[in-house]
Amino acid sequence: MRELEDIRQDIARCDAELIRLLEKRMDYIQELTACKKASGRPLLGQKNRHRKGPSAAGLSGRRYKEECRRIADSILWAEKKVQARTLCPGNIALIGFMGAGKSSVSHFLRDMLAMEEIETDELIVAAEGMPIADIFAERGEAYFRRIESQIISSLRDKKGAVISCGGGVVMREENVRSLKASSRIVLLTASPETILSRVKDSTKRPILNGNMNVDYITDLMEKRRSSYQAAADIKVATDGKSVAQICEELLAKL
Ligand code: S3P
C-alpha cells in the first residue's frame, strides 16, 4: 500500500492540472465568444438545443459517469457566465413600454447566459407585500414611483445581472442615471397593436386597466417616447421576432 502522503501529492497535482485546464477552457470560451461576435455568428443557439459542454467528450463507459456529469453541468454554468461577462461586463437593463417583451427577454438571457435576473416590479411587490395593482389602488402611483426609484438605486453595485425594469422607470431621470452607472440600457420596442395583443388578457397593470385599446397605448407611448429614446444605449424592435432572435440581435449590438 502506498504512503498517504504520496497519494495526497498525486491528488494535489491533479487539482493543479484541473484548475490549469479549466482556466484554459474559459480562455477559449472567451476567444470563441469574441470570434462569434466579430463575425456576426449567433451567440446563444437555440434554447431547447441543450449545450453539452464537456459531456460531449462522451461519458458512457466512464467509471465516474454520474459524478462527471454533475461536474460537466457546473462547467457549463461557468461557461455561460464567462460568455456573459465577455459580452457585457456590467448589467443589461431592459427598458420599454408594458408588453415590449422585457420579462421574456430577461428569462431567456438568464437561462442562456446564467445571468442573475432582477425584475424591479417583483422587488417592489416583495418589499411592499402586495401586488402592483393594490399598491396603486391603496397607496397611489406617486408612492409606487418612490419605491421604484429606491429599488433602482439599490441596484447600483450589481454586476452580471439582467435587470428588467417596469415600463415607467425611464420617466424619472434619477432612475436612468442610476441604471447608466452600471448597465447598458436596452430599449425594446413594439407597435401599439403588438403591445395590445400581448397585454390584453392581463389585469396586473393598473395603468392599462380600463384602457385596453390601441388609442390609449399609442397616446401613452408617444408621451414616453422621448424619455425611452434618450435613455437607450441600444434599441431592438421586437415585432414579429422570436425571443431568441431578439436576444441574438441585442447581444450583437452590445
Ligand atoms: C408600468 C409598468 C409596469 C409596472 C407598473 C407601471 C408603467 O411594468 O411597473 O404597472 O408605468 O409603464 P411592466 O412594464 O413590466 O408591465
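What to note about this one:
- LEU21 vs. criteria assigned to a loop (DSSP other than H, G, I, E, B) and over 30 Å from ARG205 (Cα atoms): no
- LEU43 vs. criteria within 19 Å of GLU116 (Cα to Cα) and not in a helix (DSSP H, G or I): yes
- Selection from region 152-179 of residues that are more than 25 Å from LYS204 (Cα to Cα), touching a residue at least 12 places away in the same chain (Cβ under 8 Å) and in a helix (DSSP H, G or I): GLU174, SER178
- Considering ALA161, ALA126, ALA133, the condition of being among the hydrophobic types (A, V, I, L, M, F, W, C), away from the ligand (no atom under 13 Å from the Cβ) and more than 16 Å from the chain's Cα centre (by Cα) is satisfied by ALA126 alone.
- Meets criteria (in contact with a Lys or Arg (Cβ under 9 Å, 6 or more places away or on another chain), outside any helix (DSSP H, G or I), more than 18 Å from VAL82 (Cα to Cα) and not charged (D, E, K, R)) for LEU59: yes
- Once region 173-220 is narrowed to residues that are within 11 Å of the ligand (Cβ to nearest atom) and within 24 Å of the chain's Cα centre (by Cα), the residue that is surrounded by the most Cβ atoms within 10 Å (Cβ to Cβ) is ILE195.
- Within region 76-120, tally of residues that are assigned to a helix (DSSP H, G or I), in contact with a helix residue (DSSP H, G or I) (Cβ under 6 Å, 6 or more places away or on another chain) and more than 16 Å from the ligand (Cβ to nearest atom): 9
- For region 212-254, a residue qualifies if it is small (Gly, Ala, Ser) and farther than 15 Å from GLY168 by Cα, and the qualifying residues are ALA237, GLY240, SER242, ALA244, ALA252.
- Selection count, region 226-249, where residues are in contact (Cβ under 8 Å) with a residue 60 or more places away in the chain and β-branched (Val, Ile, Thr): 3
- Near pairs, Cβ below 9 angstrom, 6+ apart or cross-chain, from region 14-30 (free of Cβ contacts under 8 Å to residues at least 12 places away in the same chain) to any residue that is surrounded by 10 or more Cβ atoms within 10 Å (Cβ to Cβ) and part of a helix (DSSP H, G or I): ASP27/VAL82
- Only one entry in ILE92, ILE124 is touching a Lys or Arg at 6+ places or on another chain (Cβ under 9 Å), surrounded by 14 or more Cβ atoms within 10 Å (Cβ to Cβ) and among the hydrophobic types (A, V, I, L, M, F, W, C), namely ILE92.
- Going through (1) out of contact with any strand residue (DSSP E or B) (no Cβ under 9 Å at 6 or more places or on another chain); (2) under 20 Å from SER154 (Cα atoms) one by one, GLU119 falls short only on (1).
- When restricted to residues that are within 13 Å of the ligand (Cβ to nearest atom) and polar (S, T, N, Q), region 221-233 contains 1.
- Residues that are surrounded by 13 or more Cβ atoms within 10 Å (Cβ to Cβ) and over 18 Å from PHE136 (Cβ atoms) within region 221-238 comprise MET221, SER227, TYR228, ALA231, ALA232, ASP233, ILE234, LYS235, VAL236, ALA237, THR238, listed in sequence order.
Bear in mind that the values in this text are calculations on the coordinates, not laboratory data. Keep in mind that what you see is a predicted model, and the values were worked out from it rather than measured. Reconstructed Cβ throughout: ideal geometry from the backbone, glycine too, with neighbour counts over all protein chains shown.
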